[in-house]
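Please read the structure below before turning to the comments.
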Amino acid sequence: MLEIKNLSCKVKDTDKKILSNLSLKINDGETHVIMGPNGTGKSTLSKIIMGHYNYEVISGDIIFNNTNLLELDTSARARLGIFLAMQDPTVISGVSNSEFLKEAIQEIKGEKVNLYSFIKEMESNMKNLNLSNDMLHRSINEGYSGGEKKKNEVLQLKMLKPKLIILDELDSGLDVDSLKVCCSNINNYLKENKNTSVLIITHYPRILEYIKPDYVHILSNGKIIKTGDFSLAKEIENSGYSSINEIRKNDYCE
Amino acid sequence: MIIVNKIIEKNSIINIYQEDVSIDINAKCIVEIYHYVIDKDTNIKINLNCQGACIYYHYSNINYNDHIVNIKIYHNEKNTISNFYNHGVNVLDNNLSFLVDGIISKDMDGSICNQENQIINVSNGRSTICPNLLIDCYDVNSSHSAYIGNFNLDKLFYLQSRGLTIDTSYHLLIKGFLIQNKNFKDLENNNDFKVFLDEILKIRGG
């Protein structure tokens, strides 16, 4: 599915290095988690996979289903089936949810969307996410509460049907009930699409109570320093990142 | 020069295409105006002549040559309200100027005067915005803002990250920026509005 090989990158037009020789392999149907303290490059990694304009890859490759993503622009990456649920979704006034999603589905499928089926599917997904039907016609993320923004990301995910889902701090700004609703919708999607892989980026293990990971990676100073299973996330919850020897060594080296 | 010259005395929603505008609101009512202009100078004069008179004015302009948009809003009574949303897209390397004056004279207490102005330069146009508030009264609530530039790259990134091409993303942003009617579906059979929508489709950038 996704293979990141020796990836190093920096902020464009600066010398500020963010990721350093990072490698990660995610197979079909696997759920991986990247955890780490603030400022270690977790969100940057998600943006680089998606081709964000602010970052420059210095070396390495990102291969998605045998295609080198670094040769493609952001929209082409999304059309291959990668979806990034953003930590702080952008507000876009004047462009309605339904209008932009209809256009996006048309561009992904390369054919006209049947309006009736589209509205029915939107309504069903909105109901499952406890979103009101007026979400169809509201501008993207304009005037939404924190919970509505995150649910809207999950709504888009369900409509666009990706093969790889990246959840960048889905749990930030969400109350417990809303987090449950979002995660149960994602789990239902994963049940229906068994080959879909997930990359979760988070500070806290709370979200992992609802979406069970196969692997947990700890990122520090732009590289993965430790990999384990769910128990590693539990260890961090109990003792904090400072309990990880590799972080202490890494910080010491820096 | 064609002028839409109106005296309004009840709640109204008005769509205006291309013309200059002179409107007097002479009753306590809410007036909502959507004004679409392609490539010409525009003069707009609004008189709020009755307590409780309230106007929401949405001005949208697609510009190809050097043009000036002159807007004057006179608060001639106490407790009058004006909210102006002026959006322009300057397509070529020309000068688009928004000169917007909100005028509240002495003793017009309790009035509210807001204006938000934005010009998107698609090429290397030289745009100007003068958002003036000429206020001779203490008990007034007012605000003004001005933005000249291109669309925020985060907006383009967000749309592209959902699979939209750069062209489609840019088109959606321009349409959302210029078509300020929430219920514009009702207008799609209107010939003047169709001309404006078709003009949006011609704009390329990003």
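The values are calculated or read from the model by the stated rules, or taken from the named source; none is laboratory data. Since this is a predicted model, take the numbers as computed values, not measurements. Virtual Cβ from ideal backbone geometry, glycine too; neighbours counted across all protein chains shown. With ligands, DNA and RNA removed, areas are computed over all heavy atoms of the protein, side chains included. Shrake-Rupley method; radii C 1.70, N 1.55, O 1.52, S 1.80 Å.
Once you sort the root eigenvalues of the Cα gyration tensor of the stretch A:13-86 as a ≥ b ≥ c, which label holds: rounded (a/c under 1.5), prolate (a/b larger than b/c) or oblate (the other case)? Cα axes put the stretch A:13-86 in the oblate bin. A Cβ-based charge dipole, computed about the Cα centre of the stretch A:120-254 with Lys and Arg at +1 and Asp and Glu at -1, lands at about 420 debye. So if R0 is 25 Å, what FRET efficiency would A:Glu71 and A:Lys112 give, r being the distance between their Cβ atoms, rounded to the nearest 0.05? Once rounded, the FRET efficiency stands at 0.30. Counting only protein heavy atoms and using a 1.4 Å probe, the accessible area of B:His171 comes to about 40 Å². Dipole of the stretch B:3-202 computed with +1 at Lys/Arg Cβ and -1 at Asp/Glu Cβ about the Cα centre; of B:Tyr57, B:Val89, B:Leu187, farthest Cα towards the positive end is B:Leu187. Applying 1/(1 + (r/R0)^6) with R0 = 51 Å to the Cβ-Cβ distance of A:Ser23 and B:Asn189 gives a FRET efficiency near 0.30.
Alpha-carbon geometry of the stretch B:1-64: the Rg and the Dmax are 12.0, 40 Å, given in that order. Rounded to whole Å, the principal axis extents of the Cα atoms in the stretch B:3-202 read 53, 35, 32, largest first.
To put it simply, the accessible area of the protein assembly as shown at a 1.4 Å probe is 46 percent carbon and sulfur.
Pairing chains A and B buries close to 2100 square angstrom of accessible surface in total, based on protein heavy atoms and a 1.4 angstrom probe.
The angle separating the long axis of helix A:176-192 from the principal Cα axis of greatest extent in chain A is about 80 degrees. Its Cα gyration tensor gives the stretch B:76-187 an equivalent ellipsoid; the semi-axes, largest first and in whole Å, are 34, 17, 12.
Here the dipole of chain A is about 300 debye; that uses its Cα centre as origin and unit charges on the Cβ of Lys and Arg (positive) and Asp and Glu (negative).
Over all projection directions, the Cα-based convex hull of the protein assembly as shown averages an area of 25.1 nm².
Across the stretch B:21-79, C-alpha contacts under 8 Å between residues 6 or more apart give a mean separation that, scaled by the residue count, equals a relative contact order of 42 percent. Between the listed residues A:Ala104, A:Gly222, A:Leu232, the Cα displaced farthest toward the positive end of the dipole of the protein assembly as shown, a dipole computed from Cβ unit charges relative to the Cα centre, is found at A:Leu232. Listed cross-link partners A:Lys161/B:Lys194; A:Lys42/A:Lys194; A:Lys12/B:Lys40; B:Lys10/B:Lys106; A:Lys47/A:Lys212; A:Lys10/A:Lys234 are compared with a 29 Å cut-off, the Cα-Cα value being larger for A:Lys161/B:Lys194; A:Lys12/B:Lys40; A:Lys10/A:Lys234. Once both labels are positioned 7 Å from their Cα atoms along Cα-to-Cβ, the gap between B:Asn65 and B:Asn150 label points is 2.7 nm.
Computed across chain A, the Kirkwood hydrodynamic radius from all distinct Cα-Cα pairs reaches 18.9 Å. Rolling a 1.4 Å probe over the heavy atoms of the protein chains gives the stretch B:3-202 an accessible area of 43 Å² per residue.
Only helices enter this figure: runs of n ≥ 4 DSSP H residues, each worth -39500 (n - 2.57), summed and divided by the residues of the protein assembly as shown, yield -8500 deg cm²/dmol at 222 nm to the nearest 500.
Within the shell defined by Cβ-Cβ distances under 14 Å, the residues around A:Glu121 carry a net charge of +4, with Lys and Arg each +1 and Asp and Glu each -1. Computed over the stretch B:3-202, relative contact order equals 15 percent, with contacts defined as Cα pairs under 8 Å that lie 6+ residues apart. For the peptides B:92-98, B:9-15, the ranking by packing is B:92-98, B:9-15, with the highest mean count of neighbouring Cβ atoms within 10 Å listed first. Note that chain A presents 45 Å² accessible area per residue, ligands and nucleic acids not counted, probe 1.4 Å.
Take every pair of alpha-carbon atoms less than 8 Å apart whose residues are at least six positions apart; their mean separation over the length of the stretch A:46-197 yields a relative contact order of 29 percent. Across peptide A:88-94, the mean count of Cβ atoms from other chains lying within 10 Å of each residue's own Cβ comes to 6.
Here the stretch B:3-202 is assigned +1 on the Cβ of each Lys and Arg and -1 on the Cβ of each Asp and Glu. Its dipole about the Cα centre then comes out at about 360 debye.
Report note on the peptides B:105-115, A:63-73: ranked by the mean count of other C-beta atoms within 10 Å, highest first, their order is B:105-115, A:63-73. Relative to the dominant Cα principal axis of chain A, helix A:230-239 is inclined by about 70°.
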